[in-house]
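Single-structure report; data block below.
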Amino acid sequence: MNWETAAQYDWTGPVSNRPAKEEAGRRIAKYVEDGQVIGVGSGSTSYIAIQMIAERVRREGLRISTICTSHEVALACAAAGLPVTTLLQQRPDWTFDGADEVDHDHGLIKGRGGAMFLEKVVMRASSRNYILVDQSKMVAKLGEKFAVPVEVLPVALHVVEQGLLNLGASEIIMRRAVKKDGPVITETGNFILDVRFADIGKTMERDIKAITGVMESGLFIGHPVEIVLA
Ligand code: 5RP
């Protein structure tokens, strides 16, 4: 029996560069094969790709399941009729995701949508990872446009701030919620600090992760990913 839901679970925020995101979504939908378990990243690009994949699944009667990286995409997959499973039960055959910045070594900044922790977990679980981006995401140097999101256990907030300052952070801003007072709370119950650095070197992802109280950061440096540029 299916639910008759009253609420709408479609994408709520604005979508930049929609035509390019649709093109990337169309391309990734072609990778789907019957029986696969697919890791699903978060953000508007992933949301659009979910719609394209669901359309192919419906048209061709494919049986797939998804492993989602946020409430937002779990709701989107469920609404689109794609079965949702977990990493406890299954492992993704492959994963797709978006990014905020991509450099020429395929280093990434992710986490505008606050989902970088689960995105990194699902990426680690997956042997093939596709990052769907349009030209506006390509940068000469990470940190050119976006701050680095750092997910922090609330109890360790000030310990983490000190650690980030010691790494050369030039600006640290706590991410504020919209339509709720106070900070953004992640899916895992933590805060997010958006952190600017004058220089992001190759060891920065590891250095941030080594601070006591950091859950994860939105830096993905040296992860094996394939860039799908639309
Ligand atoms: C969410 C992310 C997104 O993948 C990233 O922010 C890209 O978003 P969009 O596809 O909306 O441009 O990391 O945490």
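How about region 175-230: which strands (runs of 3 or more DSSP E) wholly inside it have at least 3 residues that are closer than 17 Å to Val160 by Cα?
Details: elements: 191-197, 214-217, 226-229.
In region 175-230, the matching strands (runs of 3 or more DSSP E) lie at 191-197, 214-217.
Go through Thr5, Thr12 for me and flag whichever is more than 18 Å from Gly98 (Cα to Cα), open to solvent by 60 Å² or more (accessible area, probe 1.4 Å), out of contact with any helix residue (DSSP H, G or I) (no Cβ under 7 Å at 6 or more places or on another chain) and at pLDDT below 95. Explain how you work it out, then say what you get.
On the way: Thr12 fails: more than 18 Å from Gly98 (Cα to Cα).
Only one candidate passes the filter, namely Thr5.
Can you tell me which residues in region 148-174 are surrounded by 15 or more Cβ atoms within 10 Å (Cβ to Cβ), among the acidic types (Asp, Glu) and not in a helix (DSSP H, G or I)?
Scanning region 148-174 gives a single hit, Glu151.
Only one of these is within 19 Å of Thr86 (Cα to Cα), in the same structural domain as Ala79 (by TED's automatic domain parsing) and either touching a residue at least 40 places away in the same chain (Cβ under 8 Å) or within 11 Å of the ligand (Cβ to nearest atom) (or both): Val40, Val15. Name it.
Within the list Val40, Val15, the selection yields Val40.
Looking at (1) within 20 Å of Lys110 (Cβ to Cβ); (2) assigned to a loop (DSSP other than H, G, I, E, B), can you tell me which one Asp34 breaks?
(1)
So Lys145 clears everything in (1) part of a strand (DSSP E or B); (2) within 16 Å of the ligand (Cβ to nearest atom); (3) charged (D, E, K, R) except one condition, right? Which one?
For Lys145, the exception is condition (1).
The values are calculated or read from the model by the stated rules, or taken from the named source; none is laboratory data. Owing to the predicted nature of the structure, the values given are computational and were not obtained by experimental measurement. Positions of Cβ are backbone-derived with ideal geometry, glycine not excepted, and every protein chain shown enters the neighbour counts. These accessible areas exclude ligands, DNA and RNA; they are computed on the full protein's heavy atoms, side chains included. Shrake-Rupley method; radii C 1.70, N 1.55, O 1.52, S 1.80 Å.
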